[in-house]
Amino acid sequence: MLRAHKIELKSNNKQNTYFAKACGVARKAYNWALAEWQKQYEAGGKPTEAALRRQLNGIKRKEFPWMLEVTKNAPQMAIIQLGVAFKNFFAKRAHYPNFRRKWVHDRFTLTNDQFKVNDSRIRIPHLGWVRMRESLRYGGKILSATISRCANKWFVSIAVEVEPNPPVANNNQVAVGVDLGLKSFATLSTGKKVEGPKPHKVLMQRVRRLSKSLSRKKKGSKNRDKAKLKLASLHAKIANIRRDAQHKLTTSLIKHFTIIGIEDLHVKGMIKNRRLSRGIADMGFGEFRRQLEYKTASSGVKLVVADRWFASSKICSHCEEKVNHLPLSVRDWTCEFCLTHHDRDINAAKNLEKLAVSSIASACGAPSDGAIATVIASYGASKQEFNTRLSIFNKS
């Protein structure tokens, strides 16, 4: 199992200059390899990343002597990453690779034989020891390290191969449904509503002020660079606030529940709504699901993702009858069959909880996990059937 720990670097001006040079070398090698790949492909050849790496090694001393000022991993790993990008493209997992741009996701990668980690320091080739804000929290085989820039700070992300931890017994042994929304970031089937920090909305006035200040600066001037850095730092702060809230919520769910049910939201399509796009992006639904998936993978918690077309809001969680029409503006409604009054979000979360438990029961039969068996028995889920398509992540 792979784990990555991203740590801020306490670098000085000399080290920052080296990092910027290495990022420039990696960007140049990537763009050169992409252009060469396109050229050879149009000529009828079959380019490969290995052949392009050998070709660059043969010409860089003459054509790109400044590449020798940084570690050899910077250009080589950039071309390897281009090869991975093309593999994903041909497998229809990603779009066609684009050329890299300066200041946009600046980074370079080191293999495990090119650096060394000692407590809260990391040794970089041609540079020496660089201090880190904290020590590496994972023990195991170190595979690689990627150094990247965010605003005016540098970070190192160290990938470690660790042994999978045995599932931790959960004393609560209960299931939960999680309904995501804009008014409340997450509504649990227990009735609890978690308010999102909405950092972009809170800091919108400052974003507008700094954006206007940047637009008035002359291109190429030092003042424009300073204004750009201020705006980038503010956006990094917004992202950190949002990510911190997501980590706290997902960790709490993992600690307190054995089965978690969520919806498969079409976030890309939802953002196309010009009235709601800013609020949807500010919540970070995609990152929330990503964190749940990798955290449940190592904790023994079952994650069930309901189908995108599962009508969680329209189904009565009490009698399981479905209403035909329920506009988004209706936040409370009464079931016409059993006369039960529902909060829209809590009702949806309860339906997701039932769906999660029933899907685990039907997929596993008689589960060997005692905690999960207790949940299924307590809910009587083996008798419940929902005719929906499921995407079940077995995280045992």
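The values are calculated or read from the model by the stated rules, or taken from the named source; none is laboratory data. Values in this document were obtained by computation on a predicted structure and should not be read as measured data. Methodologically, a virtual Cβ is constructed for each residue, glycine included, from the backbone with ideal geometry; neighbour enumeration extends over all protein chains shown. The accessibility values were calculated without ligands, DNA or RNA, using every heavy atom of the protein model including side chains. Shrake-Rupley method; radii C 1.70, N 1.55, O 1.52, S 1.80 Å.
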When the stretch 58-94 is examined, which residues are found to be in a helix (DSSP H, G or I), touching a residue at least 12 places away in the same chain (Cβ under 8 Å) and over 23 Å from the mean Cα position of the chain (by Cα)?
Lys60, Trp66, Met67, Glu69, Asn73, Ala74, Pro75, Gln76, Ile79
State whether one or more residues within the stretch 340-354 are β-branched (Val, Ile, Thr) and open to solvent by 40 Å² or more (accessible area, probe 1.4 Å).
no
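Quick check on the stretch 180-200: of everything there that is in a strand (DSSP E or B) and either of a type outside the set (D, E, K, R) or open to solvent by less than 10 Å² (accessible area, probe 1.4 Å) (or both), which residue is nearest to Val305 (Cα to Cα)? Even if it seems obvious, please write down each step before you answer.
Let us first name the residues in the stretch 180-200 that are in a strand (DSSP E or B), namely 180, 186-188, 193-194.
Remaining after also requiring either of a type outside the set (D, E, K, R) or open to solvent by less than 10 Å² (accessible area, probe 1.4 Å) (or both): 180, 186-188, 194.
Details: Leu180: 13, Ala186: 15, Thr187: 16, Leu188: 15, Val194: 20 Å.
Once the filter is applied, the top-ranked residue is Leu180.
Does Ala169 fit the bill of being small (Gly, Ala, Ser) and either open to solvent by 40 Å² or more (accessible area, probe 1.4 Å) or at pLDDT 95 or above (or both)? Break it down into steps so the answer makes sense when it comes.
On the way: small (Gly, Ala, Ser): yes; either open to solvent by 40 Å² or more (accessible area, probe 1.4 Å) or at pLDDT 95 or above (or both): yes.
Taking the combined requirement at face value, the residue satisfies it.
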Mind checking which pairs have a first residue in the stretch 195-223 that is closer than 24 Å to Ile280 by Cα and a second that is open to solvent by 90 Å² or more (accessible area, probe 1.4 Å), Cβ under 6 Å, 6 or more apart or different chains?
Leu210/Lys230
Of the residues in the stretch 103-119 that are open to solvent by less than 40 Å² (accessible area, probe 1.4 Å) and part of a loop (DSSP other than H, G, I, E, B), the one that is farthest from Ala35 (Cα to Cα) is Phe115
Only listed residue being part of a loop (DSSP other than H, G, I, E, B), over 26 Å from Ser298 (Cβ atoms) and open to solvent by 40 Å² or more (accessible area, probe 1.4 Å), chosen from Lys212, Lys219, Lys226:
Lys219
Please tell me if Gly140 is touching an Asp or Glu at 6+ places or on another chain (Cβ under 7 Å) and under 21 Å from Phe155 (Cβ atoms).
yes
Please go through (1) under 18 Å from the mean Cα position of the chain (by Cα); (2) closer than 27 Å to Lys198 by Cα for Ser312 and return the number of the only condition it doesn't satisfy.
(1)
For Arg100, only one of the following conditions fails: (1) farther than 20 Å from Val70 by Cβ; (2) in contact (Cβ under 8 Å) with a residue 24 or more places away in the chain; (3) not in a strand (DSSP E or B). What is its number?
(1)
Quick one: in the stretch 14-50, of everything that is among the basic types (Lys, Arg) and farther than 15 Å from Ala78 by Cα, which residue is most open to solvent (accessible area, probe 1.4 Å)?
Lys46
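Take Gly177 and tell me if it is open to solvent by less than 20 Å² (accessible area, probe 1.4 Å) and not in a strand (DSSP E or B). Please lay out each step first, then the result.
Working: open to solvent by less than 20 Å² (accessible area, probe 1.4 Å): yes; not in a strand (DSSP E or B): no.
In short, no.
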Counted residues, the stretch 259-277 - those being over 17 Å from the mean Cα position of the chain (by Cα), among the hydrophobic types (A, V, I, L, M, F, W, C) and open to solvent by less than 40 Å² (accessible area, probe 1.4 Å)
2
I'd like the full set of residues that are within 33 Å of the chain's Cα centre (by Cα) and either part of a loop (DSSP other than H, G, I, E, B) or free of Cβ contacts under 8 Å to residues at least 12 places away in the same chain (or both), limited to the stretch 327-359.
Pro327, Leu328, Ser329, Val330, Arg331
